[in-house]
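Asker: Structure provided below as structure tokens; questions to follow.
The values are calculated or read from the model by the stated rules, or taken from the named source; none is laboratory data. These numbers come from a predicted model, not from an experiment. Virtual Cβ from ideal backbone geometry, glycine too; neighbours counted across all protein chains shown.
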Amino acid sequence: MIGSQNFYKSKIFKFIFISVVCFIFYVNSIPNKYAFDDLVVITHNKFIQNGISGIPDILKYDSWVGCFGKDPKFVEGGRYRPLSLITFAIENQFFGQNPNISHLINVLLYILTALLLYVFLLKLLGRYSNNDAFFDFPFVAVLLFIIHPLHSEVIDNIKGRDEILTLAASLAATIFILKYVEFHKIINLLYGFICFFLALLSKENAITFLAIIPITIYFYKKTNLFTYIYSVLPLIIATILFLIIRKFALGTNIAPHKDFISNAIIDATLAQKYPTIFYALGMYIKLLVFPHPLTFDYYPNHIPIVNWYNFFAILSFCFYCFILIYALINFKKRSVISYGILFYLIPLSIVSNLFFPIGGALITERFIFISSIGFSIIVAWFLTTRVFVLLKSCYLKTSLLAVLMLLCFITTYSRNRVWKDDFTLFTTDVKTSFDSRKSNLGVSIVLLEQANQVNDSTLARKYRKDALFYANRLVKMFPNYVDAFYRLGNAYSENNMPDSAMACYKRTIHLSPDLNNIICDKIQSVLDKSNDVDFKLKYYYEFLKYSPDNFSINFEIGYLSGRYKNDIQKSIFYLNKAVEIEPGNFDANNNLGLAFRIGGNYDKSSIYLKNAIKINPYSLSAWQSLYSTYKLAGDKEKEKEVLVKINELQNSGY
């Protein structure tokens, strides 16, 4: 019995317990598919698809170049996070595109991170330990961290591995630096340097540990100035090395996007900017205390633009001022609460929007991943030094922890299921982020995709109708958003409303003329569904004004004018334009040759038909058309030559 009690108090038991809890909380995420950002960093990333051979390019370029190429419109902003991409490339080399393996690895890395956190907190806060089995301060702090549902995005979204690796490597670096402070072994500085460099290669926000680690040293042990300098120097060297490598990889392409889609407060006035930021920061506190409802989408306008008349913004501002002042006043006392506050605020500062815009979403659940350690420390401190002291009974304390774990498990388990795939994620979270640009756009896309995959025609019609509803909402919310009109056009097209689709595509071109070719390809797919020649010609002429050099439009006008309207001159004019745009196109040359033949110009007819034959020498129809042209022109000699070729093709099976 005594031995059993000692085992429950041992580190081995707590390591096992932490690992088992992590696994149980996220085991149902392992069967999930790729979702959300996974497409950018994995499935559509050519560097990842190249496996191990893609690693040099991963190290050489911005993390989005593998998906979007070097187009600054997509990669602007600067993301150099190669370590997680390297792990994806290695996985692809050995397992191919297997999301289940990736999800399993995320869970295992989360377990590793939790164990490192326990080692770190045990070392840092061991003097506050009561050596109890379940109610020990460092252990409770880790338990609160690992069960928090707010972490589900980081674990469930495979792309979130960069956050996990960053925290794991940063914690490892901190542990080694603390070992150096205690034992003064230089090898620990080397290990700290390596771990911190890997943390930076995982994600840039590891740089906040340049502040966290010195504060941790101060909190951990009184030491002299030289020990401080020696402890921090490897971290500074690792940071400088990382920034140099990052500079070479990104070049000057580090400016943020200057539009409302990628910067939620770009149009906010000064009187709105900071109240909105503090409103968003207040939401982090709300989600930490009461993590419901959760969503992947905190993009505009899920978080509203507010002013200083908003009570929640004022309350949030006052709260953050209070905790900052409290932390600074009590810092010299080495207060645990002070340390927890600083551990919360420092990582949050870099994603707060207070100092520079961070991008599209004002808040994101993954941004609070590291900061939640500070929150867990504070809550664990109150539980172990206040609540548990009052409860006294082991049964009551165990019941309290069990209820907390159960509530968190229910929320986490349900969120894991929501992250099953894009369809489940978007159709679920749009109900929470009903006013968000991202959700309405995403759900309109996945509904149309799903409509084309299901066998149930009634369900397919419902999906198409729902897609139209959300696309319309998107346009109403963001009337100058290019992608909104493009997606609305697609939704109208899928719902067999071609006139409305065309109106949306015209608006898309007005907003973004550089999308002409994409839109022209899209309108052709819409018009191909119609048998009304006049309807087709009407819209081809309309879109010709926006894209006069588009091959498809010129070809279709030429073909339809000759084939169905018997307007040979128009047919020749537009088909000739099509040939000028794409001289090597068989259909354009062949149809232009036929148009000239019908128009009586046999010389030009033979020229373009021979061009078509050069492009495709085995086209029997082209040879037969050339034969007819020579026959009409009365050229008996060439007529016989072509007839010989026709017979050869027919005899050979063509």
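Asker: Under the condition of being not in a helix (DSSP H, G or I) and not charged (D, E, K, R), which residue from the range 619-643 is nearest to the chain's Cα centre (by Cα)?
Answerer: Ser619
Asker: Out of curiosity, is Ile370 under 15 Å from Pro149 (Cα atoms), in a loop (DSSP other than H, G, I, E, B), under 20 Å from the mean Cα position of the chain (by Cα) and of a type outside the set (Asp, Glu)?
Answerer: Taking the combined requirement at face value, the residue satisfies it.
Asker: Tally up the residues in the range 476-498 that are assigned to a helix (DSSP H, G or I) and over 22 Å from Asn452 (Cβ atoms), please.
Answerer: The qualifying residues number 3.
Asker: Here's something else I'd like to know. Take the conditions at pLDDT 95 or above, more than 30 Å from Leu104 (Cα to Cα) and of a type in the set (Ser, Thr, Tyr) and apply them to Thr427. Does it pass?
Answerer: no
Asker: Search the range 509-528 for residues being more than 11 Å from Ser547 (Cβ to Cβ) and touching a residue at least 12 places away in the same chain (Cβ under 8 Å), and hand back the single one that is farthest from the chain's Cα centre (by Cα).
Answerer: This residue is Leu527.
Asker: Just to verify a result, which residue in the range 219-252, among those that are under 37 Å from the mean Cα position of the chain (by Cα) and β-branched (Val, Ile, Thr), is surrounded by the fewest Cβ atoms within 10 Å (Cβ to Cβ)?
Answerer: Across the range 219-252, the extreme among qualifying residues is Thr252.
Asker: Something else now. Name the single residue, out of those in the range 51-78 being modelled with pLDDT under 95 and closer than 23 Å to Asn100 by Cβ, that is surrounded by the fewest Cβ atoms within 10 Å (Cβ to Cβ).
Answerer: It comes out as Cys67.
Asker: Within the range 152-193, how many residues are in a helix (DSSP H, G or I) and within 21 Å of Leu121 (Cα to Cα)?
Answerer: Going through the range 152-193 one residue at a time, the tally reaches 26.
Asker: Could you please find all residues in the range 330-344 being crowded, with 19+ Cβ neighbours inside 10 Å and either under 15 Å from Leu210 (Cβ atoms) or of a type in the set (A, V, I, L, M) (or both)?
Answerer: Of everything in the range 330-344, those that are crowded, with 19+ Cβ neighbours inside 10 Å and either under 15 Å from Leu210 (Cβ atoms) or of a type in the set (A, V, I, L, M) (or both) turn out to be Val336, Ile341, Leu342, Phe343.
Asker: Working carefully through the options Ile646, Ile557, find the one that is out of contact with any strand residue (DSSP E or B) (no Cβ under 9 Å at 6 or more places or on another chain) and either within 29 Å of Ile523 (Cα to Cα) or touching a residue at least 40 places away in the same chain (Cβ under 8 Å) (or both).
Answerer: Only one candidate qualifies: Ile557.
Asker: A further question on this structure: Given the structure, is Ala380 free of Cβ contacts under 8 Å to residues at least 12 places away in the same chain and under 36 Å from the mean Cα position of the chain (by Cα)?
Answerer: No, not satisfied.
Asker: Just the residues that are of a type in the set (S, T, N, Q), part of a loop (DSSP other than H, G, I, E, B) and over 14 Å from the mean Cα position of the chain (by Cα), please, taken from the range 22-73.
Answerer: Asn32, Asn50
Asker: All but one of (1) touching a residue at least 24 places away in the same chain (Cβ under 8 Å); (2) in a helix (DSSP H, G or I); (3) out of contact with any Asp or Glu (no Cβ under 8 Å at 6 or more places or on another chain) hold for Thr223; state the number of the condition that does not hold.
Answerer: So the condition that Thr223 fails would be (2).
Asker: If you take the residues in the range 403-454 that are aromatic (Phe, Trp, Tyr) and more than 15 Å from Tyr34 (Cβ to Cβ), which one is farthest from the chain's Cα centre (by Cα)?
Answerer: My answer is Phe409.
Asker: Under the condition of being among the small types (Gly, Ala, Ser) and in a helix (DSSP H, G or I), which residue from the range 314-365 is nearest to the chain's Cα centre (by Cα)?
Answerer: Ser349
Asker: Output the number of residues of the range 368-382 satisfying the condition of being touching a Leu at 6+ places or on another chain (Cβ under 8 Å) and either closer than 18 Å to Leu124 by Cβ or surrounded by fewer than 23 Cβ atoms within 10 Å (Cβ to Cβ) (or both).
Answerer: Count: 10.
Asker: Just to verify a result, which residue in the range 79-137, among those that are among the small types (Gly, Ala, Ser) and crowded, with 20+ Cβ neighbours inside 10 Å, is farthest from Gly374 (Cα to Cα)?
Answerer: Here the answer is Ala89.
Asker: For residues that are more than 37 Å from the chain's Cα centre (by Cα) and among the small types (Gly, Ala, Ser), scanning just the range 383-402, find the one that is farthest from Ala467 (Cα to Cα).
Answerer: That would be Ser393.
Asker: Filter the range 521-574 down to the residues that are of a type in the set (A, V, I, L, M, F, W, C) and within 17 Å of Ser493 (Cα to Cα), then identify the one that is surrounded by the fewest Cβ atoms within 10 Å (Cβ to Cβ).
Answerer: Phe535
Asker: Any idea which of Asn516, Asn490, Asn455 is surrounded by fewer than 18 Cβ atoms within 10 Å (Cβ to Cβ) and more than 20 Å from Lys570 (Cα to Cα)?
Answerer: Testing whether each residue is surrounded by fewer than 18 Cβ atoms within 10 Å (Cβ to Cβ) and more than 20 Å from Lys570 (Cα to Cα) leaves just Asn455.
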